[in-house]
Amino acid sequence: MTATDTHRDSPYPHRHLLGIECLHPHEILRLLDRAEEAVEVSRQVNKRKQVLQGRTQINLFFENSTRTQSSFELAGKRLGADVMNMAVSHSSVKKGETLIDTAATLNAMNPDLLVVRHHAAGAVHLLARKVGCSVVNAGDGPHEHPTQALLDALTIRRHKGKIARLTVAICGDIAHSRVARSNIILLNALGARVRVVAPSTLLPSGIAKMGVEVFNDMRAGLKDADSVMMLRLQRERMNGAFVPSVREYYRYYGLDAEKLSVARDDVLVMHPGPMNRGVEIDASIAAGPQSLIREQVEMGVAVRMAILEALAANLPNQ
Amino acid sequence: MALDTPRPLVLSNARVIDPARALDAPGSIIIADGTILAAGPEAANQGAPYGAEIVDCKGAIACPGLVDMCVSVGEPGAEHRETLASASQAAAAGGVTTICTMPDTDPVIDDPALVDFILRRARDTAIVNVHPLAALTKGLNGMEMAEIGLLQEAGAVAFTNGHKSVENAQVMRRMMTYARDFDALVIHHTEDPDLAGGVMNAGLNASWKGLSGVPREAEIIMLERDLRLVGMSRGKYHANLISTSDSADVVRTGKKRGLDITAGISINHLTHNENDIGAYRTFFKMSPPLRDEDDLEAMIAAIAD
């Protein structure tokens, strides 16, 4: 709370980025603007900026991740920070240390920025209360993944010029997806029309009150959509627990040319990765002209540079 | 009867029952070119078409073909005992013109190709309409949901776990939720397998006989659980066979709450009670077991509802 007060006049008046739910629409837009600049920096031969020079960034990943962790690592390095990756398999957590003790230990090393991914919803919030530095949520269980929602928004905005009044369909395992939750909040905050499309077994209870239109049928849900966001279906959920089989899921919920044909001609196809070709998305669609999946990865680095820079601006200077 | 022969047919002196018209009266039925021209008391006064074959029914009941929603057939897997052909002949002999076949065959009907197999075999060998029911869970294991969408597209008319209840409430909840998306009917055998360890209705009668009993609660508890899950999922549900007065009340209450539910009662539970078991007449061992006379009367009242 005090941190928020201190940074009242900053364009990003928060000490952490724990979720999209903590952000005002104008703060989101400011971050996207900042990320646009970071895209330019990342496309230069010399990608190095010095705004995080002397700062220490620790990436603390309790859950395996390739692209998110390397994206945060690159973002930090391009801003001049010293970046350390802490893989959890090598850490003392495996020896029984509690999350709070891990936080206290890390805090004693005086990091400036802590990027955390954890398999439990709320774990990053708990950790943020126990450390003195700024914390970025890189995904906490099925709760939030704010940088993913920001990079998705940046990708859409660069192609459509706006977010407001676009129809965005989020398809797949909504129930277990932090990407879906962050995107629902962000897209609603910026005035998009949000739809979710999934079998009811993959929808969280109360979904109709989350500010979305709910569809169980892909053709209905994708009709006239400006953007389609596919979500990954984890293997352990495809064999009878939530959906009967891969082939049935692909038949009714896999994004193929036929289902996509009811969307707008200039529809954007997105996927946070890693994707399962032939499960939630057809290989030809994933590689097709409407697919922005690779571009999302590029935007990810830019968005993470933007948020790290915004947080660093609020760090104490002496 | 040979409906497709060119010769007209008159069924005279029949008790004509037609639920669609709330008709139950003595009368005739006139059939020509495979079409019923008239049926009921008025048909008795119309005389017979030229050249008609006239059959004196001697007061027997003539009614629309019956539908049996729960038929266990030996095919596939036990063709040495029964085939779709022989089962369909037995059905026709009893006035049943449509049967729904249970999926607890060998192999279990849990794959679209097997639904297709039943439909082809029925087309080629059966003399009544055959509609396959498909498995609710893979191999009827009660844990992994079957491919409701693909099975339905192949021609399955409803989904059931056969004579095994789905014990796991979470599995049952997800099954009904998923089936709802496809507007698929779930038919469930409501019997808690742990409580239902016996061979006849639990009570004094079973105790004197020294037989293990199936308490009424085995059925009631599972039925009440299911209807709570129907309330969560808002799907279509049919309790395969109910046998107790409390079950009938549970279903009535559920319908009052607006649930899309129905229940089945077997002819056995409308005509017999546990006393008919007498001296260990084992052909009266059934699931659910025959209950007492009060339950029998409650079942008749439930049908009348």
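The values are calculated or read from the model by the stated rules, or taken from the named source; none is laboratory data. In this text, all values refer to a predicted model and were calculated from it rather than measured experimentally. Cβ sites come from the backbone with ideal geometry, for glycine too, and all protein chains shown count toward neighbours.
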- Which residue pairs have Cβ atoms under 6 Å apart, sit 6 or more places apart or on different chains, and have a first residue in segment B:242-262 that is without any contact (Cβ under 8 Å) to a residue 24 or more places away in the chain and a second that is buried (at least 22 other Cβ atoms within 10 Å of the Cβ) and not β-branched (Val, Ile, Thr)? none
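Would you point out the residue of segment A:249-266, among those that are touching a residue at least 12 places away in the same chain (Cβ under 8 Å) and among the basic types (Lys, Arg), that is nearest to the other protein chains (Cβ to nearest Cβ)?
Selected residue: A:Lys259.
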- Residue hits (segment B:269-294; in a helix (DSSP H, G or I) and in contact with an Asp or Glu (Cβ under 9 Å, 6 or more places away or on another chain)) are B:His269, B:Glu274, B:Asn275, B:Phe284, B:Glu293
- Given (1) closer than 26 Å to A:Ala313 by Cβ; (2) in contact with a Ser or Thr (Cβ under 7 Å, 6 or more places away or on another chain), number of the condition A:Pro142 does not satisfy: (1)
- Looking at (1) without any contact (Cβ under 8 Å) to a residue 12 or more places away in the chain; (2) closer than 29 Å to A:Ile163 by Cβ, which is the only condition A:His118 fails? (1)
- Looking at A:Ala241, is it modelled with pLDDT under 95 and of a type in the set (A, V, I, L, M)? yes
- Is there a residue being hydrophobic (A, V, I, L, M, F, W, C), without any contact (Cβ under 8 Å) to a residue 60 or more places away in the chain, surrounded by 15 or more Cβ atoms within 10 Å (Cβ to Cβ) and not in a helix (DSSP H, G or I) anywhere in segment B:219-228? no
- Task: Among the residues of segment A:38-65, count how many are in a helix (DSSP H, G or I) and either touching a strand residue (DSSP E or B) at 6+ places or on another chain (Cβ under 9 Å) or free of Cβ contacts under 8 Å to residues at least 24 places away in the same chain (or both).
- Result: 1
- Task: Mind listing whichever residues of segment B:176-189 are within 9 Å of another protein chain (Cβ to nearest Cβ) and aliphatic (A, V, I, L, M)?
- Result: none
- How many residues does segment A:174-201 contain that are within 14 Å of chain B (Cβ to nearest Cβ) and more than 15 Å from the chain's Cα centre (by Cα)? 7
- Which residue pairs have Cβ atoms closer than 7 Å, lie 6 or more positions apart in sequence or on different chains, and pair a first residue in segment A:227-240 that is without any contact (Cβ under 8 Å) to a residue 24 or more places away in the chain with a second residue that is assigned to a loop (DSSP other than H, G, I, E, B) and among the hydroxyl-bearing types (Ser, Thr, Tyr)? A:Asn239/A:Ser245
- What is the residue count in segment B:94-153 for residues that are of a type in the set (A, V, I, L, M, F, W, C), within 20 Å of B:Lys164 (Cα to Cα) and within 12 Å of chain A (Cβ to nearest Cβ)? 8
- Query: Of the residues B:Arg21, B:Arg15, which single one is basic (Lys, Arg), surrounded by 13 or more Cβ atoms within 10 Å (Cβ to Cβ) and over 18 Å from the mean Cα position of the chain (by Cα)?
  - Reply: B:Arg15
- Task: Considering only segment B:115-130, state which residues are touching a strand residue (DSSP E or B) at 6+ places or on another chain (Cβ under 7 Å) and closer than 15 Å to B:Ala92 by Cα.
- Result: B:Ala122, B:Val128, B:Asn129, B:Val130
- Restricting segment B:65-88 to residues that are exposed (fewer than 14 other Cβ atoms within 10 Å of the Cβ) and in contact (Cβ under 8 Å) with a residue 24 or more places away in the chain, the residue that is nearest to the chain's Cα centre (by Cα): B:Leu66
- Looking at segment B:154-175, which of its residues are in contact (Cβ under 8 Å) with a residue 60 or more places away in the chain and either touching a strand residue (DSSP E or B) at 6+ places or on another chain (Cβ under 9 Å) or more than 10 Å from chain A (Cβ to nearest Cβ) (or both)? B:Ala158, B:Thr160, B:Gly162, B:His163, B:Lys164, B:Ala169
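Can you find even one residue in segment A:88-97 that is at pLDDT below 95, surrounded by 13 or more Cβ atoms within 10 Å (Cβ to Cβ) and outside any loop (DSSP other than H, G, I, E, B)?
Yes, that holds for at least one residue.
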- Inspect segment A:208-228 for any residue being within 14 Å of chain B (Cβ to nearest Cβ), basic (Lys, Arg) and within 25 Å of A:His176 (Cβ to Cβ) and give the result as yes or no. yes
- For segment B:191-210, does any single residue satisfy the condition of being outside any helix (DSSP H, G or I), out of contact with any Cys (no Cβ under 6 Å at 6 or more places or on another chain) and within 14 Å of another protein chain (Cβ to nearest Cβ)? no
- Query: From the residues in segment A:292-318 that are within 18 Å of the chain's Cα centre (by Cα), more than 18 Å from A:Arg48 (Cβ to Cβ) and not aliphatic (A, V, I, L, M), which one is surrounded by the most Cβ atoms within 10 Å (Cβ to Cβ)?
  - Reply: A:Gly300
